[in-house]
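Read the structure below first, then the notes.
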Amino acid sequence: MDVNIAMRPEAVTLTRLDNKQSILERLADLFETAYGMNSESVLEGLEQRETLGSTGFGKGVAIPHCRSPYIKRPTVALIKLDQACHFGAADAEPVSLIFGLVSPESAGATHLHALAAISRLARDDMMLQALGDADDAETLFALLTNQFLRDAA
């Protein structure tokens with residue numbers, strides 16, 4: 001399955017945040033900084049999606065996502081927390097890896113394919129270990145871009 005996911009180094013960060021709202025706000029800021037999106041619009045989309053149910057995937061991972069009419073392809077941001085935080089995940093475990101995804105508004109199947117690519121990555125124990133062991137944004141970015149390129153091949 002070919003998923004053309006945009007990812008930039010500026011969209012990856014290691015930080016300390018202590019609640020779901022601050023995580024969503026930081027994701028929105030990353031999308032603005034890295035991709036030029038309006039952070040308020042992204043935050044509103046992420047918050048609306050969370051009202052439907054937590055995007056806490058399990059295994060310490062959350063995948064907050066939404067759509068935007070202002071982009072052409074799925075875009076990803078990643079936050080790695082230095083201390084896990086409660087996110088209302090399906091397994092009730094706190095999260096430390098948060099993958100933000102914003103897809104084009106009209107990208108039905110493409111959005112689902114991008115979510116599937118991220119969820120496959122989140123189910124890969126070796127990848128989760130590598131991401132958990134990474135101690136800088138450059139390493140996280142390299143791991144993710146290598147994984148997404150391999151998935152697209």
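Restricting attention to segment 118-139, does a residue exist that is free of Cβ contacts under 8 Å to residues at least 12 places away in the same chain and under 22 Å from D29 (Cα atoms)?
yes
Working carefully through the options A116, A122, A109, A84, find the one that is among the aliphatic types (A, V, I, L, M), in a strand (DSSP E or B) and surrounded by fewer than 21 Cβ atoms within 10 Å (Cβ to Cβ).
Exactly one residue qualifies, and that residue is A84.
Sort out which residues of segment 18-36 are open to solvent by 30 Å² or more (accessible area, probe 1.4 Å) and either under 15 Å from F99 (Cβ atoms) or aromatic (F, W, Y) (or both), and write them in order of number. Let's see the steps before the verdict.
Start the filter on segment 18-36 by keeping residues that are open to solvent by 30 Å² or more (accessible area, probe 1.4 Å), which leaves 18-21, 25-26, 29, 32-33, 35-36.
Once the filter is applied, which keeps residues that are open to solvent by 30 Å² or more (accessible area, probe 1.4 Å) and either under 15 Å from F99 (Cβ atoms) or aromatic (F, W, Y) (or both), segment 18-36 yields K20, R26, Y35.
For segment 91-106, how many residues are touching a strand residue (DSSP E or B) at 6+ places or on another chain (Cβ under 6 Å) and either surrounded by 17 or more Cβ atoms within 10 Å (Cβ to Cβ) or in contact (Cβ under 8 Å) with a residue 60 or more places away in the chain (or both)?
So the answer is 9.
Please count how many residues of segment 102-150 are of a type outside the set (A, V, I, L, M, F, W, C) and within 20 Å of D91 (Cα to Cα).
Looking only at that region, the number is 7.
On the basis of being under 19 Å from I118 (Cα atoms) and in contact (Cβ under 8 Å) with a residue 40 or more places away in the chain, does L27 make the cut?
Yes.
Taking only segment 37-72 into account, find how many residues are closer than 24 Å to G132 by Cβ, part of a loop (DSSP other than H, G, I, E, B) and open to solvent by less than 30 Å² (accessible area, probe 1.4 Å).
4
Can you tell me which of (1) in contact with a Pro (Cβ under 8 Å, 6 or more places away or on another chain); (2) at pLDDT below 90; (3) under 14 Å from V12 (Cα atoms) is the one T145 doesn't meet?
Here T145 clears every test but (1).
Does S22 fit the bill of being free of Cβ contacts under 8 Å to residues at least 12 places away in the same chain, not acidic (D, E) and not in a strand (DSSP E or B)?
Spelling it out, S22 is indeed free of Cβ contacts under 8 Å to residues at least 12 places away in the same chain, not acidic (D, E) and not in a strand (DSSP E or B).
The values are calculated or read from the model by the stated rules, or taken from the named source; none is laboratory data. Given the structure is predicted, the values throughout are model-derived calculations rather than measurements. Don't worry about glycine lacking a Cβ; one is built from the backbone with ideal geometry, like all the others, and counts go over all protein chains shown. When the accessible area is computed, the model is the full protein with side chains, heavy atoms only, and any ligands, DNA or RNA have been set aside. Shrake-Rupley method; radii C 1.70, N 1.55, O 1.52, S 1.80 Å.
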